[in-house]
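Everything on this sheet refers to the single structure shown next.
The values are calculated or read from the model by the stated rules, or taken from the named source; none is laboratory data. Please read these numbers as outputs of a predicted model, since none were measured by experiment. Backbone-built Cβ (ideal geometry, glycine too); neighbour counts: all protein chains shown. Surface areas here come from the heavy atoms of the whole protein model, side chains and all, with no ligands, DNA or RNA. Shrake-Rupley method; radii C 1.70, N 1.55, O 1.52, S 1.80 Å.
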Amino acid sequence: MSQPSSRAIGVGRVLIVVYAVLALAATARSLFQLATKFEVAPVAYLLSAFAGVVYVLATIALLGKGRRWYVVAWVTIVIELLGVLVVGTLSIIDAELFPADTVWSFFGRGYLFIPLVLPILGIVWLVRTRRAVEAA
């Protein structure tokens, strides 16, 4: 019996590397902020920690093989897209909601807008690799 197909092929490898770097950056930054400045902006820092966890799960899911990991990848990437759209919009409409930036504030401005573009690329990649998952 053959191994289920992986999404870590071709351009998918680059996508996964970007996810891994963003996961590391968001998680490390949020842990530092939670440990040293929690009282300044607890909601913003907790949101950044949540985003970091989402990026870690998305990275693992994109590396994983089989239908279950494919579904996990979809769920995490959709959560990521909704998060960046909602938090990005709220941070523009009412900046006082977030006295400190989150990963998703202003649509990921602090991260060169990668948090806005990455889930779109992730969704495109998942659609392109769907047949391989279905065939497995």
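Brief remarks follow.
- Which listed residue, of Phe50, Phe113, Phe98, is out of contact with any strand residue (DSSP E or B) (no Cβ under 6 Å at 6 or more places or on another chain) and on the phi > 0 side of the Ramachandran plot: Phe113
- On inspection, Ile92 passes the criterion of being farther than 18 Å from Val11 by Cβ and either in contact (Cβ under 8 Å) with a residue 60 or more places away in the chain or part of a helix (DSSP H, G or I) (or both).
- Flag for Ala51 being open to solvent by less than 70 Å² (accessible area, probe 1.4 Å) and under 26 Å from Ile9 (Cβ atoms): no
- From the list Thr129, Thr102, Thr59, the lone residue that is β-branched (Val, Ile, Thr), out of contact with any helix residue (DSSP H, G or I) (no Cβ under 6 Å at 6 or more places or on another chain) and surrounded by 17 or more Cβ atoms within 10 Å (Cβ to Cβ) is Thr129.
- For region 90-99, the set of residues classified as open to solvent by 80 Å² or more (accessible area, probe 1.4 Å), of a type outside the set (D, E, K, R) and either over 18 Å from Gln33 (Cβ atoms) or within 11 Å of the chain's Cα centre (by Cα) (or both) consists of Ile92, Ile93, listed by residue number.
- All positions within region 105-120 that are exposed (fewer than 14 other Cβ atoms within 10 Å of the Cβ) and assigned to a loop (DSSP other than H, G, I, E, B): Leu112
- Applying the criterion of being of a type in the set (D, E, K, R) and either part of a helix (DSSP H, G or I) or over 20 Å from Val127 (Cβ atoms) (or both) to the residues of region 62-89, the residue that is most open to solvent (accessible area, probe 1.4 Å) is Arg68.
- Residues being open to solvent by 60 Å² or more (accessible area, probe 1.4 Å), over 24 Å from Gly66 (Cβ atoms) and either hydroxyl-bearing (Ser, Thr, Tyr) or without any contact (Cβ under 8 Å) to a residue 12 or more places away in the chain (or both) - total across region 8-36: 5
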